[in-house]
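Since the structure comes first, as structure tokens, the remarks are kept for the end.
Please treat every number below as a calculation from the coordinates, not as lab data. Worth saying up front: this structure is predicted, and the values here are computed from it rather than measured. Using ideal geometry, Cβ is built from the backbone for each residue, glycine included, and neighbour counts are taken over all protein chains shown.
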Amino acid sequence: MTPDRFFSLMLLLESRDAVTTTDLAAALGVSLRTVTRDLNWLREAGFPVSAQRGRSGGVTVLPGTGLDLTRLTPGERQTLSLTGLDEKQREDLNASTETRHALAKLSKTHPGHSEDLIPLTEVVHVDSRPWLQPRPDGIPPAALIGPVRRARQLRIEYNSSREAQPSTLVVDPYGLLAKAGIWYLVADCDRAPRMFRLERITAWAETGHRRRIRPRRTLHSVAATLTAQWEHDHVIEVSATIDESQVERALRIFGQRLRLEKHTDETAAYKVTIRFPHLEDVRALLPFGRSITVHEPAEAKARLHDLATELADHHRPS
């Protein structure tokens with residue numbers, strides 16, 4: 001369990017008489033299995049957490065035995081309530097020092113029964129950034145926190161990958177999104193929602209006006225819609241058959257992007273669906289040679305044909 005989720009879970013338990021695991025999972029944005037595992041961890045750590053069955057039941061913690069939240073400043077409480085961030089992302093927000101201070105205060109109020117163990121934070125480190133990712137340029141997240149929290153409208157200079165020259169845009173921010181190791185500014189631009197990569201924002205300034213976001217929209221709802229739309233627009237689903245001898249290898253390479261549908265009749269081949277972020281990524285199928293046959297979409301078949309032809313021409317005997 002991450003420190004921020006630990007804090008959020010304890011805050012939920014102490015602020016209510018009883019709460020169901022379903023409500024806990026929804027509030028924390030995790031699965032029921034994860035909530036159950038977290039509750040078991042709390043019990044093993046010495047927190048008096050109990051669960052009662054029935055219509056009026058739920059998970060409770062004995063009053064006065066949990067966290068002494070009065071020791072935390074309002075800023076420390078808000079910092080810990082940010083769930084899902086790793087240490088690097090907290091540094092991006094200039095929040096890592098405040099997080100350490102808050103956790104140190106809480107650890108003094110409830111040392112538990114593991115004095116002979118090395119603190120978990122010293123033996124576990126989380127870094128969600130992709131491998132070989134260069135240090136991003138552009139605006140650091142901490143620079144935008146102030147104006148975003150003051151609900152200010154911004155004017156930004158943005159280098160879009162679809163345009164040759166930077167654009168000057170007026171945006172109404174919802175907030176910042178950390179996705180797959182990349183920071184985004186989520187905002188309305190001309191009343192339409194967009195995500196702007198911070199590394200492509202070269203300059204910004206406040207316009208002097210408050211933000212004018214659409215009614216009944218939040219950062220969470222807008223970010224969820226935008227990410228779902230991006231995945232729909234940028235994913236290529238390739239339908240293919242693959243020899244039985246290569247199925248295990250394909251699963252190792254493509255992981256959850258590969259869906260094994262069923263064994264085809266009267267052949268030693270499986271029907272599969274493989275999801276690729278971009279059409280060019282189908283080149284990962286080349287090492288499988290004749291053991292995989294792509295059926296659709298047509299553009300994937302055509303690109304594989306072109307890649308194979310280029311490879312054959314490059315290695316043609318002289």
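Evaluated at q = 0.10 Å⁻¹, the base-10 log of the normalised Debye intensity for segment 145-251, with identical point scatterers placed on the Cα atoms, takes the values -0.38. With the charge dipole of segment 141-229 set up from +1 on Lys and Arg Cβ and -1 on Asp and Glu Cβ about the Cα centre, the Cα lying farthest toward the positive end among the listed residues Pro166, Pro215, Leu144 is that of Pro215. A simple charge model with +1 on the Cβ of Lys and Arg, -1 on the Cβ of Asp and Glu and nothing else charged puts the dipole of segment 179-318 at about 1020 debye relative to its Cα centre.
Measuring spread by the Cα atoms of segment 276-318 yields a radius of gyration and Dmax of 11.0, 37 Å. With the convex hull drawn around the C-alpha atoms of segment 235-314, the volume per residue stands at 88 Å³. Along segment 31-38 the Karplus relation, 6.51 cos²θ - 1.76 cosθ + 1.60 evaluated at θ = phi - 60°, assigns HN-Hα couplings of 7, 4, 4, 5, 4, 4, 5, 5 Hz to successive residues, with x for each Gly and Pro. Residue order for Val19, Val222, fewest other beta carbons within 10 angstrom first, comes to Val19, Val222.
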